[in-house]
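Below is one structure, written out as structure tokens; comments come after it.
The values are calculated or read from the model by the stated rules, or taken from the named source; none is laboratory data. Worth saying up front: this structure is predicted, and the values here are computed from it rather than measured. Glycine also receives a Cβ, built like all others from the backbone with ideal geometry; neighbour counts cover every protein chain displayed. These area figures cover heavy atoms from the full protein model, side chains too; ligands, DNA and RNA do not enter into them. Shrake-Rupley method; radii C 1.70, N 1.55, O 1.52, S 1.80 Å.
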Amino acid sequence: MTEYAHFLSPFGCLRVEGSEDGISLVQMVSTKPCPTGPIPAVLKPCIQQLAEYFRGDRDGFNLKLDFGDAPPFHKAVWNELLKIPYGHTTTYQAIAENLGDKKAVRAVGQANRHNPIAIIVPCHRCIAKSGELQGYFYGLDMKRQLLELENPLSFARQGSLF
């Protein structure tokens, strides 16, 4: 049975869903105020780890994930995203090449766009081969802030060091 809870992140309210099979959703929702209430036991580790991540006390997640019936290519992309170390980035091109099809760059972007488990499956760590930030479902500002949280020296906003 799928359970759900909400978590108030620095970016807004996140809805978290999962079951004994794993976490299946971490998604921004526009619910205001962010609902509070009991957190189902199956979701407590996820909520705790998200809180630690946003505090800067966690650089990786140790959670069982459930991608459900997503297309195999999407699952393959998301599994590649999980290999990107905290504080680092890779390119859409590199992921396509790792999956054996250097022409699948746009398909990698589409898989990222459909990532149901934001933050934990770090599609925000995927950038253009030019080094530019491109495409993030929740906007480039949030993408930059997540990268800045993970690696403030490389992704600090201009002027933020002065």
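The table for this structure:
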quantity	calculated
Among F137, N62, S19 - extreme Cα towards positive end, dipole of the chain, charges at beta-carbon	F137
Rounded to the nearest 20 debye, dipole of region 61-162 from Cβ charges on Lys, Arg, Asp, Glu	140 debye
Residue-by-residue Karplus 3J(HN,Hα) for region 141-151, coefficients 6.51, -1.76, 1.60, Hz, glycine and proline x	5, 5, 4, 4, 5, 5, 5, 5, 4, 7, 8
Accessible surface of region 39-154, 1.4 Å probe, proportion on carbon and sulfur as whole %	49 percent
In region 22-162, lysine pairs closer than 15 Å at Cα, eight or more apart or cross-chain	6
Label point at Q110 placed 7 Å out along Cα→Cβ; residues across region 46-72 whose backbone nitrogen lies under 17 Å	70-72
Considering only the chain, percent of DSSP beta bridges that pair antiparallel, nearest 5	80 percent
Contour excess over end-to-end distance, with Cα ends at C34 and K75 and 0.36 nm allotted per residue	11.8 nm
Convex hull of region 50-139 built on C-alpha atoms - directionally averaged projected area, nm²	5.9 nm²
Solvent-accessible surface ranking, highest first, for M142, M28, M1 at 1.4 angstrom	M1, M28, M142
Over region 7-103 - Rg/Rh using Cα atoms and the Kirkwood inverse-distance radius	1.01
Per residue value of the accessible surface for the chain (all protein chains in place, 1.4 Å probe), Å²	56 Å²
In nm, spacing of pseudo-spin labels at N151 and D59 (7 Å Cα→C-beta vector)	1.2 nm
Rounded FRET efficiency, nearest 0.05, which uses the C-beta distance separating S19 from S130 and R0 of 45 Å	0.65
Alpha-carbon radius of gyration plus Dmax, which is the widest Cα pair, for the chain in Å	15.8, 51
Residue among V108, W78, Y53 farthest towards the positive dipole end of the chain, charges placed on Cβ	V108
